[in-house]
Every structure is written in C-alpha cells, then in structure tokens.
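The structure appears right after this line, and notes come after that.
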C-alpha cells in the first residue's frame, strides 16, 4: 500500500494571501480541521487555517503567502501520510487502495482491474477495465462484491444477471 493517501486537488487560489481552493476527496470534509500537515509532491506543509465554502475547502499553508506563490500549486494533488488517515469502518476501503486491484468472478475468470471508482447516490460503482480496454461497471453492493482482499490485491465478484 502507498505511504500517502490522496485527499484533494488544488483547483484554484483564493484571495490574495496565498490560500488554496481544494476539491476534497473525502466523504467528511470537516476532517481537514484535524489535520496539522499535508504533502504536495512529497513536500510537507503545515496547515495554518482551514475554512469551507459549500463543499470546497480553503487552506492556508505555511510558506505560501501570496497569490503568485499559490498559483504554482494549481492542479496539484494533496496527500496525507497513511498513519494520519481516519480509521474506516468494516468493509470500507480507501479508493486509492482499490485502484489497480485485479477483479475475478467467483468462477475464477479474470475480468480486469479496477480502473476508477465513482459515487452514485446510493453506492459506489467500480469501473473494471480488461486487457482489451473494455469497461465493466460493477455496483459496490454486497450481492455483487463478494470479497475484497487488499493483501493479495484481488476482488471476487458475483456477476448477477444483467451486469455484463
């Protein structure tokens, strides 16, 4: 597993004093208040201030003090150390840990790898891409996803009628 977990993307600057506008990659954006530091390109930055505008996080990081400095960070990703991550409930996973995992049917047929995950109103959907580039969309529900084995990087699924 990776040492860092992606927690957001810097999409713009905010104001003239070096604040960054972040699209968070977490279900609970208030968790930014508990963070003391983040990483951008593996460089550590201490968090000076956090505020929110709707579903956007505004961060002031130590050492970024002007709009010109902040502009250099646009379109970069922010990370936290895995040890600083929240503890997830049972049968819940970080998206980063699922991307790239091989997906097999319960009959042992390889379907491909998880290429992307997107959220719908009721459940996540795993985008599985095979070696030919074909996509299969699998709802992340218990009747489809039978087992996730992060240690062996393998997901076992039950292909209910109509999925493929």
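The values are calculated or read from the model by the stated rules, or taken from the named source; none is laboratory data. Values in this document were obtained by computation on a predicted structure and should not be read as measured data. We place every Cβ from the backbone using ideal geometry, glycine too, and count neighbours over all the protein chains shown.
With the condition kept exactly as written, say whether any residue in segment 109-117 is in a loop (DSSP other than H, G, I, E, B), in contact with a helix residue (DSSP H, G or I) (Cβ under 6 Å, 6 or more places away or on another chain), touching a residue at least 24 places away in the same chain (Cβ under 8 Å) and not assigned by TED's automatic domain parsing to the domain that holds residue 12.
Initial filter on segment 109-117 (in a loop (DSSP other than H, G, I, E, B)): 109.
Next cut, in contact with a helix residue (DSSP H, G or I) (Cβ under 6 Å, 6 or more places away or on another chain) only: none.
No, the conditions are met nowhere in segment 109-117.
Only one of these is outside the structural domain of residue 21 (by TED's automatic domain parsing) and within 30 Å of residue 21 (Cβ to Cβ): 120, 105. Name it. Don't jump to the end; show me each part of the working.
On the way: 105 fails: within 30 Å of residue 21 (Cβ to Cβ).
120 is the lone residue from the list that is outside the structural domain of residue 21 (by TED's automatic domain parsing) and within 30 Å of residue 21 (Cβ to Cβ).
Restricting to segment 28-62, count the residues that are under 18 Å from residue 76 (Cβ atoms), under 18 Å from the mean Cα position of the chain (by Cα) and exposed (fewer than 14 other Cβ atoms within 10 Å of the Cβ).
Number of matching residues: 3.
Out of the residues in segment 149-164 that are assigned to a loop (DSSP other than H, G, I, E, B), on the phi < 0 side of the Ramachandran plot and surrounded by 15 or more Cβ atoms within 10 Å (Cβ to Cβ), state the one that is modelled with the lowest pLDDT.
In the first step, residues of segment 149-164 are kept if they are assigned to a loop (DSSP other than H, G, I, E, B); the result is 150-153, 158-164.
With the extra rule that they be on the phi < 0 side of the Ramachandran plot, the set shrinks to 150-152, 158-161, 163-164.
Next, only the ones that are surrounded by 15 or more Cβ atoms within 10 Å (Cβ to Cβ) stay: 158-159.
On the way: 158: 91, 159: 87.
Among residues in segment 149-164 that are assigned to a loop (DSSP other than H, G, I, E, B), on the phi < 0 side of the Ramachandran plot and surrounded by 15 or more Cβ atoms within 10 Å (Cβ to Cβ), the one modelled with the lowest pLDDT is 159.
Conditions (1) touching a residue at least 12 places away in the same chain (Cβ under 8 Å); (2) over 30 Å from residue 161 (Cβ atoms); (3) part of a strand (DSSP E or B), marked per residue:
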| position | (1), (2), (3) |
| --- | --- |
| 33 | yes, yes, no |
| 39 | yes, yes, yes |
| 45 | yes, yes, yes |
| 75 | yes, yes, no |
| 93 | yes, no, no |
| 97 | yes, no, no |
| 103 | yes, no, yes |
